[in-house]
Amino acid sequence: MPVDELHVIKDNILKHEEWRRSSLNMIASENITSSAVSRAVASALSHKYAEGWPGARFYQGCTYFDEVELNSNSLFYRLFDAQYVDLRPISGTNANLALFFGLTKPGDTLMALHTSHGGHISHTTFGSAGIRELDVKTFPFDEDAMNIDVDRTIELIRETSPRLILFGASLFLFPHPISEVVDAAKEMGSLIAYDGAHVLGLIAGKQFQDPLGEGALIITGSTHKTFPGPQGGMIVTRNMENEDLARLQWGIFPGVLSNHHLHHVAAKGIAAGEMVDFGKDYALQMCKNAKALASALAEEGLSPLCEHLGYTESHQVVLDVSKHGGGKWVAETLEAANIITNKNLLPWDPIEQSEDPSGLRIGVSELTRLGMVEDDMKDVAALYRKVIIDKEDPSMVAAEVTSMRADFQDVRFCHEWDAI
Ligand SMILES: *Cc1c(COP(=O)(O)O)cnc(C)c1O
């Protein structure tokens, strides 16, 4: 007889899958993978070691995996027009740690976004930047534009000559001003990197912005947010000095990794192939859906940020729900209605309010992958109104969500495993 826990684990996996099939997952950092990506994750590559480079491994048995890694890398070279690609980082945070360990020393200054303004914990002194003992200066921020304040940032770069300037965010509505600060960064000898964790799929699909073209040398990122791959990280670079690149590689291996996750490298490659074949259409539809959802939510009486700027240029919409019960109540009640989102601090919230912030962060990556378009966003916005404004019984709304979701069960913008 198997131990009881095995049954509990299996049963809850199945329940989770059933719930996910019948709900609207609108967590901005999540997505749904194609059957081909899932198949690669479940492959026998998951129990293999491959330290070293293709053709020069420390372990035998990599004959086939070498081809997998080379071809996966080559698709990323193509998507990002990169001069160096590294798919070994096992998460976005792991990629950022490698960046910090490779290219900074303790005591160096890092310029990054404050968490209240949408920055990620790995950019802070209580996260990865702190473990590298970096002196973090946060970007001056324009709360009205929900973006970095260019003039004050240029001043701060000249004042503090940071070793590393790290753009990118977790709450991310509009492209960051990279080209605007390139001259000041050059003057002060600062390296520019871009954390594309959230927007990697938009960048690969040629929407949003082109960080390497605008003057960043390095993009770090997660491969599972708007990029429709497995959980994981990656780094791509262009125009880096050889010495810096060698240090970055050292940061990755053996700095913050021994073995990388080979099944995830394969799955990243398959997702990259999907982006080469379908990425432009997918990314464009994601942006259209986010804008359509924001307008529809406003029409229903809710308050998305940045109406004066067209609400958003990314996959995200940010709602101010302070007048509708607050972030905690709204997120929990939506969950009871099978609409999965997350509460979020808004820039003007005091940090003590983290448990019950004013904001709700919404993403449309998964709904877009399931084939929803602008008109469907109106239906989704009406469901939000029923829960948040009309205060309808969430279990009744959950039934409506489930019935709507029944029409959207297949992942688009991909090939079936058997067709590749
Ligand atoms: C999500 C996120 C990360 C971390 O990614 P993981 O893959 O979860 O480690 C890093 N940076 C930003 C800006 C993010 O939003």
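Binning the C-alpha pair distances of the range 1-121 at 5 Å intervals from 0 yields a P(r) profile of 2, 7, 9, 14, 16, 15, 14, 13, 7, 2, 0, 0 %, listed from the shortest bin outward.
Over 30 Å between C-alpha atoms is what I'm after, so list which of K186/K206; K15/K291; K288/K323; K48/K280; K15/K288; K137/K225 land there. Present the calculation step by step, with values, prior to reporting the outcome.
Details: K186/K206 26 Å; K15/K291 32 Å; K288/K323 27 Å; K48/K280 34 Å; K15/K288 32 Å; K137/K225 27 Å.
Exceeds cut-off: K15/K291; K48/K280; K15/K288.
With an a/c value of 1.5 or above and a/b not larger than b/c for the gyration tensor axes a ≥ b ≥ c computed over the alpha-carbon atoms, the chain is described as oblate. Think of each Lys and Arg Cβ as +1 and each Asp and Glu Cβ as -1; about the Cα centre, that makes the dipole of the chain roughly 820 debye.
Given the rule -39500 (n - 2.57) for each run of at least 4 DSSP H residues, summed and divided by the residues of the chain, what is its mean residue ellipticity at 222 nm, to the nearest 500 deg cm²/dmol?
Working: 15 runs with 176 residues, N = 420.
When only DSSP H runs of four or more count, the value is -13000 deg cm²/dmol.
Using Cα pairs closer than 8 Å and at least 6 residues apart in sequence, work out the relative contact order for the range 279-405, in percent. Present the calculation step by step, with values, prior to reporting the outcome.
Working: 205 pairs, mean separation 38.9, N = 127.
Relative contact order comes out at 31 percent.
Relative to the current alpha-carbon distance between V150 and A419, full extension at 0.36 nm per residue lengthens the span by 92.1 nm. Of the residues G168, A40, T138, the one whose Cα sits farthest towards the positive end of the charge dipole of the range 36-272 is A40 (charges of +1 on Lys and Arg Cβ, -1 on Asp and Glu Cβ, taken about the Cα centre).
Quick one: length gained pulling V8 to F126 fully straight, 0.36 nm per residue minus the C-alpha distance?
Working: separation 118, 0.36 × 118 = 42.48 nm, distance 3.51 nm.
So the extension gain works out to 39.0 nm.
When you restrict to C-alpha pairs under 8 Å that are six or more residues apart and normalise by the size of the range 36-272, the relative contact order lands at 31 percent.
Distance between the 7 Å Cα→Cβ label points at A336 and L309: 3.5 nm.
If you restrict to DSSP beta bridges whose two residues both lie in the chain, what percentage is antiparallel, to the nearest 5? Provide the component values of the computation, followed by the final result.
Working: 21 of 36 bridges.
Of those bridges, close to 60 percent are antiparallel.
Ordering I192, I90, I270 from largest to smallest accessible area (1.4 angstrom probe), what's the sequence? Intermediate results must be reported in sequence, preceding the final value.
Working: I192 10, I90 65, I270 35 Å².
Most to least solvent-accessible, the answer reads I90, I270, I192.
Protein-only accessible surface at a 1.4 angstrom probe places the residues W250, W53 in the order W250, W53, largest first. Can you list the residues of the range 350-392 with backbone N under 11 Å from a point 7 Å past the Cα of A406, pointing along Cα to Cβ? Zone members listed by number: none at all. Comparing V321, Q353, Y311 along the charge dipole axis of the range 279-405, the residue lying farthest to the positive side is Y311, per the Cβ-charge model.
I'd like the distance separating the alpha-carbon centroids of the range 24-68 and the range 163-236, in whole Å. Using only Cα atoms to place each centre, the spacing works out to 24 Å. For the range 36-272, what class follows from the C-alpha gyration tensor (a ≥ b ≥ c being the square roots of its eigenvalues): rounded when a/c is under 1.5, otherwise prolate if a/b is larger than b/c, else oblate? Prolate.
The mean sequence separation of alpha-carbon pairs under 8 Å and at least six residues apart, normalised by the residue count of the range 205-290, gives a relative contact order of 37 percent.
Hull volume per residue, based on the alpha-carbon atoms of the range 279-405 and their convex hull, is 97 Å³.
Once the Cα-Cα distance is subtracted from the 0.36 nm per residue extended length, the W19 to D66 segment shows a gain of 13.2 nm. Ordering E51, E69 by accessible surface, largest first, gives E51, E69; the 1.4 Å probe counts only protein heavy atoms, with every chain in place. Accessible surface of E159, taken over heavy atoms with a 1.4 Å probe and every protein chain present, rounds to 140 Å².
The values are calculated or read from the model by the stated rules, or taken from the named source; none is laboratory data. Since the structure is predicted, the reported quantities are computational estimates derived from the model, not experimental observations. In this analysis, Cβ positions are derived from the backbone assuming ideal geometry, glycine residues included, and neighbour counts consider all displayed protein chains. Protein only, heavy atoms only, side chains kept; ligands, DNA and RNA dropped before computing areas. Shrake-Rupley method; radii C 1.70, N 1.55, O 1.52, S 1.80 Å.
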